[in-house]
Each structure stands twice: as C-alpha cells, then as structure tokens.
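Engineer: One structure follows; several queries about it will come next.
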Amino acid sequence: MPRAILCVLDSFGIGGAEDADAFGDAGSDTLGHIAEKCASGLADREGLRSGPLSVPNMDRLGLGAASKLSTGRDVPGLDFAGDPQGLWGYAAEVSNGKDTPSGHWEIAGVPVRFDWGYFPKTIPTFPSELIDRIKDKAGLDGILGDKHASGTEIIAELGEEHLRSGKPIFYTSADSVIQIAAHEEHFGLERLYDLCEITREFADPYNIGRVIARPFTGETAATFVRTPNRRDYSVLPPEPTLLDRLTQAGRTVYGVGKISDIFAHQGVSKVLKGAGNDALFEKTLEAMQQAGDGDLVFANFIDFDSLYGHRRDVPGYAAALEHFDRQLPELLAGLREGDLLILTADHGCDPTWKGTDHTREHVPVIATGPGIAGRSVGGRKTFADIGESVADHLGIARGLHGESFL
C-alpha cells in the first residue's frame, strides 16, 4: 500500500488569488517578488546569499511552470528547460480567511466558511471583560502588552518588566489569535500552558482561532530568546478532516511541527516537534522512516512565515527557499515505490508587501514519487483538492469537498 508525504512550506504563495483585492492583496506574489529582488541584486546579504534565486530541484519538478500558470509571468531565476518532471499546478483558497488554520484545514479537506474573530488595532486591543475573566480564573494581578505586536519585539520591549512584575505578556496580530509570552523559568512553562488553556476557554465566544503559548528565556532585553516549547491551542475543525478519516481507517498520521496544534490534536497519531526548518526536515525524514503502508506524514515548515515573511526579510526568505531546495534530494531519496510527495503552502506572506500580514495568494501544488510522470494538474479551485488527492492515493473514501487531481 502506498504512503503520502505532505509538506507545507508555510506562507509560500505563488501569486495573488482571484479574490486578493477583497483582502487588500491584489498584486501580491511571494515567490515572484522574492525572485525579482534576487535578480536585481536587492536580496544579496553578505555571508548569507547573493544573485538570482536558485531553486533548481523544485523548478525541475514544476515550480516555475506552476507560478507562470498562476500569474502569467516567468519567474526570474527559474529557467528549467524542458517538461517538468513532477505533477504541477496551483490551488486557490475558498476559506474566508488567509490564516494558518484556514489554510491547513482546507488542505485537509475542510474549507472554513465562517468568519474568524479578530481584535482591533487599538490599545488596549482585548475586551476588558475577556481579560477580567482570564485574570480572575488564573489568579493574575494584571497583564502586559494588550496590543498588536511582533512577538520578538514585544518580548524585547516588555520582557524585563514581565520579570519584575510577574505579569504575562498578551498580544495579537492580524490573525485570529491571542498570544501569551512568559518566561519559562521565572513564570513557569506549565503555568503558561495552564494560562493558555484558561484563555482558550474564554476566547471561544469571540470565535478566536488560536491561543498560542510563547515561552522565552534570558535575563535582559538583549538576551531574551523564544524557545521551541511553543504550544498552540486551536478550536476543532467543523467537520472530520482527512486526518480524522485516515485515523478512523486505522492509518497512522505523523504530524511534524505545529500540525497537531493546528488540528487541536485531533486526527494526529504521532507528533514530532522541531525548532526551525532544519530540525523539522530531520523530523520529516524520521517520520518517513517510521511510516508504514497507507500512512500519512504531514509536515509544516514554519520558518518561511514566522522568521522571514512576517518580518519582511527578503534575503532571509530567499536563502531559506534555496536551503530547502538543496535538502530536497534527501527527501526524494527517502521515497519508496508507490509513495506520493506533495509540496504546497497554506497562504502567502509576501515579504515585499505592505504591513506584516499574510497575503491572499495561490499556493503551489507540486507532487512527485517513483513512477509518477510529470504533467500539469492545472489551477485547482480549492486547497481541498490536495487532501482529496492524498485520500485517493491512500485508498480511502473521498470527503465532502474537493476533487483528486490524480
């Protein structure tokens, strides 16, 4: 029986979606704009990278062709000659948001048709009654932050006050999220997790997608650093996902990185965590070695989004793509006869775009495996086609949304 390996390059969009204007994102293009900056020398960084974007392995499988199908434009530096060797195309999102849960749930066959709740760009940003309930149940004297902020910046700004006062740092972003930062040792990691569970309970009436624990260590603003012990507290998807259908069929689902958190720990059989793309790549290889017939390895590579997209770091994003591309042959070498590997994304996060938010974009659909002949899969109308293709490949019944491209 075949296996499937589904890799989400978090935020790796390949051109503005048809409805991008409704999100203020018409003209966004994560891959295209990074490649343009690289080609013009504006993404050179000493000791990191220089010159045109170089991702020959993904390009050989069809990345350049998929991007041109999405936007109608060639991508500078992606100049593979001949027919792509993988299945290639793009997918559009039908979910109402452009966030992590919406993208991943839709990939897994469950589009998000409802509207998430968000917090205004005011100070304070959180409703006073929400914070009062959290403080009362958690026994807190107060909180810090209470605004939209970058996670690293707000720790640098308020971390020392947090150590003096013992008050946790609450903040949000353009996503449907409450993030809570606290020191792993002075505040306590388990105490932070408990606080997030309390916050999750009171956030539900506001339809907030995720509460995220953001632990850090260090003693001064100059030495504070976030640790790998992040934990996401998500709401449950509104319908059974591909992951649920697989586990119900007796298959094993390996969740690499934040996959289990995104699905509220439902439908994931084994969790493999890692800090950063390199560790996540190793965990993906480890999961592939463990996975048996009919199993799914579902991995998220977070650095593209969190370290480079949101921080509008074009050279960093380009270097991360090039590094992943250099590692890709090792992933391909781990495929067995009958395996299917899919590379995709959950939304865009164009590092040349205004603000720091995600961007509403098409995502790449690149698939390969031993014996799979290259061809176009076209422009897919929903990310759910990805999940349905995995279901088709693994021989389980189709779901309610999407169509297989196999």
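Engineer: Given +1 on the Cβ of Lys and Arg, -1 on the Cβ of Asp and Glu, and no further charges, what dipole in debye does the range 86-177 carry about its Cα centre, rounded to the nearest 20?
Structural biologist: The dipole of the range 86-177 has a size of about 120 debye.
Engineer: Mind ordering 127-137, 353-363 by average Cβ neighbours within 10 Å, highest first?
Structural biologist: Result, highest mean first: 353-363, 127-137.
Engineer: Would you work out which of TYR254, GLY378, GLY395 lies farthest towards the positive end of the dipole of the chain, given +1 charges on the beta-carbon of Lys and Arg and -1 on that of Asp and Glu, about the Cα centre?
Structural biologist: Looking along the dipole axis, the top candidate is GLY395.
Engineer: Would you check the range 1-152 for Lys pairs whose C-alpha atoms are within less than 30 Å, ignoring same-chain pairs closer than 8 in sequence, and give me the count?
Structural biologist: Lysine pairs meeting both conditions in the range 1-152 amount to 10.
Engineer: Ok, one more. Could you tell me what a quarter of the Cα convex hull surface of the chain works out to, in nm² with one decimal place?
Structural biologist: 18.7
Engineer: Cross-link candidates for LYS273: which lysines have Cα within less than 19 Å, leaving aside residues fewer than 8 places away along the same chain?
Structural biologist: Counting by Cα, and skipping residues close in sequence, LYS273 has these lysines nearby: LYS258, LYS283.
Engineer: In debye, nearest 20: dipole of the chain around its Cα centre with unit charges on the Cβ of K, R (+) and D, E (-)? Don't skip to the end; give the middle numbers.
Structural biologist: Working: 39 positive and 60 negative charges, 49 e Å.
With Lys and Arg at +1 and Asp and Glu at -1, about 240 debye.
Engineer: Let me ask something else about it. Applying the Karplus parametrisation 6.51 cos²θ - 1.76 cosθ + 1.60 with θ = phi - 60° to the phi angles of the range 67-80, what ³J(HN,Hα) value in whole Hz is obtained for each residue in order, glycine and proline being reported as x?
Structural biologist: Residue by residue, the range 67-80 yields 5, 5, 5, 6, 10, x, 10, 5, 9, x, x, 9, 10, 4 Hz.
Engineer: Rounded to the nearest 10 degrees, what's the angle between the helix 128-138 long axis and the longest principal axis of the chain, both from Cα atoms, 0 to 90?
Structural biologist: The angle comes out at about 80 degrees.
Engineer: A further question on this structure: What translational diffusion coefficient, to the nearest whole µm²/s, does the range 124-164 have by Stokes-Einstein, given a Kirkwood radius computed over alpha-carbon pairs, a temperature of 37 °C and 0.692 mPa s viscosity? Kindly include the intermediate steps, with their values, before the conclusion.
Structural biologist: Values: Rh = 11.3 Å.
Roughly 292 µm²/s, to the nearest whole number.
Engineer: Another question about this same structure. Please work out, to two decimal places, the log10 of the ratio I(q)/I(0) at q = 0.12, 0.19 Å⁻¹ from a Debye calculation in which every Cα of the range 281-393 carries one identical scatterer.
Structural biologist: Ignoring solvent entirely, the Cα scatterers give -0.50, -1.17.
Engineer: Next question, about the same structure. How far is it, in nm, from the label point at SER269 to the one at LYS147 when both lie 7 Å from their Cα along the line to the Cβ?
Structural biologist: Computed distance between label sites SER269 and LYS147 equals 4.8 nm.
Engineer: Per 5 Å bin, what is the whole-percent P(r) computed from every C-alpha pair distance within the range 174-275?
Structural biologist: With 5 Å bins starting at 0, P(r) equals 2, 13, 19, 19, 18, 14, 8, 3, 2, 1, 0.
Engineer: Can you work out the accessible area per residue across the range 52-111, with the rest of the protein chains kept in place, probe 1.4 Å, in square angstrom?
Structural biologist: 31
Engineer: Hey, another quick one. What translational diffusion coefficient, to the nearest whole µm²/s, does the range 272-340 have by Stokes-Einstein, given a Kirkwood radius computed over alpha-carbon pairs, a temperature of 25 °C and 0.890 mPa s viscosity?
Structural biologist: 187
Engineer: Right, something else. Tell me, what % of the accessible area of the chain is carbon and sulfur with a 1.4 angstrom probe?
Structural biologist: About 49 percent, which is the carbon plus sulfur part of the accessible surface.
Engineer: Once the range 101-245 is represented by equal point scatterers at the alpha-carbon sites, with solvent omitted, what log10 I(q)/I(0) does the Debye formula produce at q = 0.10, 0.18, 0.19, 0.20 Å⁻¹?
Structural biologist: -0.35, -1.02, -1.11, -1.20
Engineer: Right, next: Taking the Cα centre of the range 309-406 as origin, work out the dipole magnitude from +1 charges on Lys and Arg Cβ and -1 charges on Asp and Glu Cβ, in debye rounded to 20.
Structural biologist: Dipole of the range 309-406, to the nearest 20 debye: 220 debye.
Engineer: With each run of n ≥ 4 DSSP H residues scored as -39500 (n - 2.57), what mean residue ellipticity at 222 nm is computed for the chain after dividing by its residue count and rounding to the nearest 500 deg cm²/dmol?
Structural biologist: Computed ellipticity for the chain at 222 nm equals -9500 deg cm²/dmol.
Engineer: How big is D, in µm² s⁻¹, for the range 217-267 by Stokes-Einstein at 4 °C and 1.567 mPa s if Rh is the Kirkwood radius over C-alpha pairs?
Structural biologist: Once the numbers are plugged in, D ends up at 99 µm²/s.
The values are calculated or read from the model by the stated rules, or taken from the named source; none is laboratory data. These numbers were taken from a predicted model, which means no experiment stands behind them. Cβ sites come from the backbone with ideal geometry, for glycine too, and all protein chains shown count toward neighbours. Surface areas here come from the heavy atoms of the whole protein model, side chains and all, with no ligands, DNA or RNA. Shrake-Rupley method; radii C 1.70, N 1.55, O 1.52, S 1.80 Å.
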